[in-house]
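Encoded as structure tokens, the structure appears first; notes follow it.
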Amino acid sequence: MSTGAEQIDQAALHANAASLEREIAWFTRVLNQRVDNYFASEDAAVEQPAPTPPDVRDDPSLYAQTVRECGMKPEERVVLLLSLLPSVRPQTLDLLLTRNKLIDAIFTEFGGLRGQTHNGFLPTCETALFILAGDDQRRRFELMRMFEPDHFFAQKNMLRVLPPEHGEPMPRAALAAEPTYLQRFTSGLQQKPDFGAGFPAKLMVTAMEWDDLVVAQEVKDELDQIRSWMRGGPGMLRRLGLDRMVKPGYRTLFYGPPGTGKTLAATLLGKDAGVDVYRIDLSMLVSKYIGETEKNLANVFDQAQNKNWILFFDEADALFGKRTEGSTSNDRHANQEIAYLLQRVEDFPGVVILATNLRSNMDEAFARRFQSAIHFPLPDGPQRELLWQKLFADRTMLAPDVRLAALADAHVLAGGALLNVAVSAAIRAGRRAKPGQDILITNDDLLRAIKKEFIKEGRTL
Ligand SMILES: Nc1ncnc2c1ncn2[C@@H]1O[C@H](COP(=O)(O)OP(=O)(O)OP(=O)(O)O)[C@@H](O)[C@H]1O
Ligand SMILES: [Mg+2]
């Protein structure tokens, strides 16, 4: 955070907020028109022109830039917004929670899911199809193209289409925001995504430095071990004649609650050693919709081997967890993929980092093959205070009533959650500020954002 790129950029925030405001207003008109039409009786339904999307030609926001760069069509903007809304303005979708009085249930036509901790409506592909095409089947088929792997949504990793439960039809897939883009479209924080066609790995970069990582000394020590290994480990094994006895490579497990810095630590290890860190996108791997998995994976491992990359498997329990015992062809397919992956991971001569929230989810046989397992616990009070301070290195954004130390002391939140709090409070303050005026975050903004974060995590304040 000392380098500034992870700090919140006032100008970017203002521009994005204004763009999203217009975009959401337009989206609301599109949604209302669809719902009105849908419920109008046959003869009352009149063909109305579709609402015109906001003009983004001279709009400087990162959101508008992306719309321009991708040459996004209105239907693509609707889908992108749908993915962002649960995080940005969930109440926009409340209309879709209307109950069908006949069956006392939500209209199946609207698609959507209810989250485990999120109270609002979580859109699915079905929701997009409903809004854009109603029951026009031909149009629906055309629109499905947006969810295919060769569409820029998938290629640029702009949003997530989470594979539906086994056996459910594709339109049941949840549409979710991709954190990188969500941040870019709100606070303006930028990370560089790098997602080639059929390449299920993403280059991880961070503007943060080693010293920005706030962890206990034990964790730093463990990480230092990996750094030393990268500097001279393989050569040392060779000199000791041990290289024929132990598997090459260094496999380590990072475990701990969400947002405690596992991904960040992995990224920093690479930055520090001057090697690239690639995150393997596990959500793409077991999805038969994407297909060609083994070939793509082999491609990643081959390249990684030649280029001395660090491979980072996030949410590794999805793959390395206790293998599914199901017997559907999908399960078998997934197990086969896992077996292949495990083999490649074991044979990989470089650093492989696996991250998981729950260590107990790991397959024991596999866990034994790790050189180390590093625990990332929730930060303690002093660590939280340090995190707050780094986040608001620019104190001029804070109103005089803000007491970071007191907030840090009172609320146990991980670094990732604190980042969300900061962004959300800044957005709140930004909506209040007049154009050209500086954003001033109050203690109340922060408290509300903390509350929101707690609700998201299913906790109470
Ligand atoms: N220990 C930390 N020190 C400094 N910043 C942190 C720390 N933990 C989290 N952050 C901030 O929160 C962001 C998100 O954290 P990160 O993605 O590393 O969490 P994670 O442990 O990988 O979470 P998950 O289990 O959800 O993947 C980081 O980019 C950083 O800005
Ligand atoms: Mg992570």
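Taking the conditions exactly as written (in the same structural domain as residue 358 (by TED's automatic domain parsing), more than 16 Å from ligand 1 (Cβ to nearest atom), touching a Ser or Thr at 6+ places or on another chain (Cβ under 8 Å) and modelled with pLDDT under 65), does residue 246 satisfy them or not? It is false that residue 246 is in the same structural domain as residue 358 (by TED's automatic domain parsing), more than 16 Å from ligand 1 (Cβ to nearest atom), touching a Ser or Thr at 6+ places or on another chain (Cβ under 8 Å) and modelled with pLDDT under 65. For the stretch 137-186, a residue qualifies if it is small (Gly, Ala, Ser) and open to solvent by less than 40 Å² (accessible area, probe 1.4 Å), and the qualifying residues are 154, 173, 174, 176, 177. Cβ separations smaller than 9 Å between residues 6+ apart or across chains give the following pairs from the stretch 248-274 residues that are acidic (Asp, Glu) to residues that are more than 13 Å from ligand 1 (Cβ to nearest atom): 272/227; 272/230.
Yes/no per residue for (1) closer than 30 Å to residue 220 by Cβ; (2) within 11 Å of ligand 1 (Cβ to nearest atom); (3) touching a Leu at 6+ places or on another chain (Cβ under 6 Å); (4) at pLDDT 95 or above:
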position	(1), (2), (3), (4)
378	yes, yes, no, yes
393	yes, no, no, no
424	yes, no, no, no
440	no, no, no, no
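You will find that of 83, 61, the residue that is surrounded by 19 or more Cβ atoms within 10 Å (Cβ to Cβ) and closer than 20 Å to residue 32 by Cα is 83 and no other. For the stretch 276-285, a tally of residues being open to solvent by less than 10 Å² (accessible area, probe 1.4 Å), at pLDDT 70 or above and within 30 Å of residue 171 (Cα to Cα) returns 1. Scanning the stretch 391-402 for residues being open to solvent by 50 Å² or more (accessible area, probe 1.4 Å) and either touching a helix residue (DSSP H, G or I) at 6+ places or on another chain (Cβ under 7 Å) or without any contact (Cβ under 8 Å) to a residue 12 or more places away in the chain (or both) gives a total of 3.
Every test in (1) within 16 Å of ligand 2 (Cβ to nearest atom); (2) buried (at least 20 other Cβ atoms within 10 Å of the Cβ); (3) of a type in the set (A, V, I, L, M, F, W, C); (4) at pLDDT below 85 is passed by residue 341 save one, and that test is (1).
Matching residues to (1) touching a helix residue (DSSP H, G or I) at 6+ places or on another chain (Cβ under 8 Å); (2) within 16 Å of ligand 2 (Cβ to nearest atom); (3) among the hydrophobic types (A, V, I, L, M, F, W, C):
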{"site": "407", "(1), (2), (3)": "yes, no, yes"}
{"site": "410", "(1), (2), (3)": "no, no, yes"}
{"site": "417", "(1), (2), (3)": "yes, yes, yes"}
{"site": "431", "(1), (2), (3)": "yes, no, no"}
{"site": "436", "(1), (2), (3)": "no, no, no"}
{"site": "441", "(1), (2), (3)": "yes, no, yes"}
{"site": "444", "(1), (2), (3)": "no, no, no"}
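Restricting attention to the stretch 248-275, which residues are of a type in the set (S, T, N, Q) and open to solvent by less than 30 Å² (accessible area, probe 1.4 Å)? Scanning the stretch 248-275 gives 252, 260, 267.
State which residue is nearest to residue 254 (Cα to Cα) when the search covers only the stretch 286-322 and only residues that are modelled with pLDDT under 60 and more than 16 Å from ligand 1 (Cβ to nearest atom). Result: 322.
The values are calculated or read from the model by the stated rules, or taken from the named source; none is laboratory data. Bear in mind the structure is a predicted one, so any value in this text is a computation, not a measurement. Virtual Cβ from ideal backbone geometry, glycine too; neighbours counted across all protein chains shown. Surface accessibility is based on the protein's heavy atoms, side chains included, excluding ligands, DNA and RNA. Shrake-Rupley method; radii C 1.70, N 1.55, O 1.52, S 1.80 Å.
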